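Notes for the one structure printed next.
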DNA sequence: TCACCTATCCCCACTTCCGGTGAGTACCTA
DNA sequence: TAGGTACTCACCGGAAGTGGGGATAGGTGA
């Protein structure tokens with residue numbers, strides 16, 4: 001089973017030399033070669049590559065937008081970016097957009113095959129400087145997700161169930177039906193929830209429940 | 001100005017050979033060498049390193065916990081992990097904990113100096129397979145933040161104000177006061193919001209507003 | 001055994017919200 | 001100038017939520 005590769009690059013010479021290079025590897029098969037990315041999703045659909053080699057600078061639509069478009073439709077396809085400058089924010093942006101790695105254009109001859117092999121085996125070839133940017137991003141983001149974790153309001157399991165229903169937007173009557181208890185029981189649970197969460201209305205309870213991930 | 005390096009490794013031979021190796025580089029200075037990480041924060045405080053070389057397997061407290069502790073107190077310090085096995089989840093965990101890169105123990109002789117140089121110049125040396133894991137994490141997280149970004153409900157500015165008040169848990173009357181409009185006006189805004197968000201109660205509106213970050 | 005918690009249920013009086021309908025003013029664009 | 005949109009306000013009747021009170025039953029642990 002050969003590895004299907006598609007090439008996107010606006011320079012005809014580069015496309016052809018890449019093509020020639022890849023044809024020296026028996027397990028590689030170049031299934032497409034395109035000079036622009038305006039129809040990239042259709043192109044990919046038609047030639048069904050396992051790996052896409054994408055120039056970061058493309059006319060019309062940038063390589064980064066192409067990455068987003070292709071990943072959206074075909075998330076299993078690995079995309080390797082080609083770039084002239086290593087320390088380019090666009091490299092980082094491509095990575096964030098879903099590219100699996102990148103290679104410098106003037107390393108194509110020596111390292112392209114190696115890089116594709118790494119992609120195939122689940123690696124992501126990238127230089128330390130880009131790796132650092134990625135790390136920075138990674139360490140930055142999660143702190144925004146859970147800043148004020150969970151002050152634990154000691155809700156009983158039943159109360160949590162009721163709260164979950166409230167967050168869904170159900171009325172007391174609907175909650176009573178779903179939990180097979182009476183309307184009045186729902187009410188007493190809600191009263192307890194209000195006490196424990198220090199709120200006085202459903203809307204406040206919903207806001208608190210979602211923001212503090214109680215549900 | 002020399003680069004100050006501290007070594008944490010429970011194996012005395014490794015500490016000494018690393019030390020010897022680093023002393024061959026004039027611009028490097030080994031300012032500390034420790035066999036355990038139980039006092040790592042104090043050790044770092046005392047010897048003021050620019051770069052910490054940390055064994056991932058340490059007795060008592062793991063290297064990963066040490067990374068967290070050191071980064072918490074001294075976030076500017078670069079930490080380079082040492083590991084025996086490349087494809088180790090702990091390597092990935094260290095990276096997430098704040099390490100800036102890692103190196104394989106049996107590459108110490110050949111690549112340690114290079115790796116430290118890369119750290120110094122703002123890079124993060126890591127293998128493609130770890131890089132892939134990091135990318136996976138990066139692409140996974142932000143999607144939780146903005147899952148279905150913005151179906152854009154075309155709320156007018158005023159409607160967004162009202163919605164924000166609702167999410168705060170305010171009653172119609174309170175909203176009317178805050179926005180200096182009548183109760184009935186608040187009501188008509190809310191009706192529009194219900195239409196646009198396809199909801200039929202405050203609780204649903206709050207849930208939708210928070211989950212889809214409309215506010 | 002008794003105190004405590006959880007879960008269940010009930011009533012009353014009051015407040016707030018909901019859906020529908022209608023309407024006036026102001027601004028902007030075609 | 002006509003039409004669209006945003007913002008404002010009002011009334012009615014019905015539905016739903018809120019706050020206060022009290023009650024029963026089962027389980028747990030001191």
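Points to keep in mind about this one:
- Residue list for segment A:92-115, restricted to those being more than 10 Å from chain B (Cβ to nearest Cβ), touching a helix residue (DSSP H, G or I) at 6+ places or on another chain (Cβ under 7 Å) and under 22 Å from residue B:134 (Cβ atoms): A:92, A:93, A:94, A:102, A:103
- Candidate set: segment A:193-204, residues that are out of contact with any helix residue (DSSP H, G or I) (no Cβ under 6 Å at 6 or more places or on another chain) and under 12 Å from residue A:153 (Cα atoms); chosen: the one farthest from DNA strand C (Cβ to nearest atom): A:198
- Test: residue in segment A:50-57 that is in contact with a strand residue (DSSP E or B) (Cβ under 7 Å, 6 or more places away or on another chain), touching a residue at least 24 places away in the same chain (Cβ under 8 Å) and in a helix (DSSP H, G or I): no
- The single condition among (1) in a loop (DSSP other than H, G, I, E, B); (2) touching a residue at least 24 places away in the same chain (Cβ under 8 Å); (3) surrounded by fewer than 14 Cβ atoms within 10 Å (Cβ to Cβ) that residue B:45 does not meet is (1).
- Taking the criterion of being in a loop (DSSP other than H, G, I, E, B) and within 13 Å of chain A (Cβ to nearest Cβ), the residues of segment B:77-91 that qualify are B:86, B:87.
- Restricting attention to segment B:153-211 and to residues that are assigned to a loop (DSSP other than H, G, I, E, B) and crowded, with 17+ Cβ neighbours inside 10 Å, the residue that is nearest to the other protein chains (Cβ to nearest Cβ) turns out to be B:169.
Every number here is computed from the coordinates shown, using simple stated rules; none is lab data. Computed from a predicted structure; not experimentally measured. Virtual Cβ from ideal backbone geometry, glycine too; neighbours counted across all protein chains shown.
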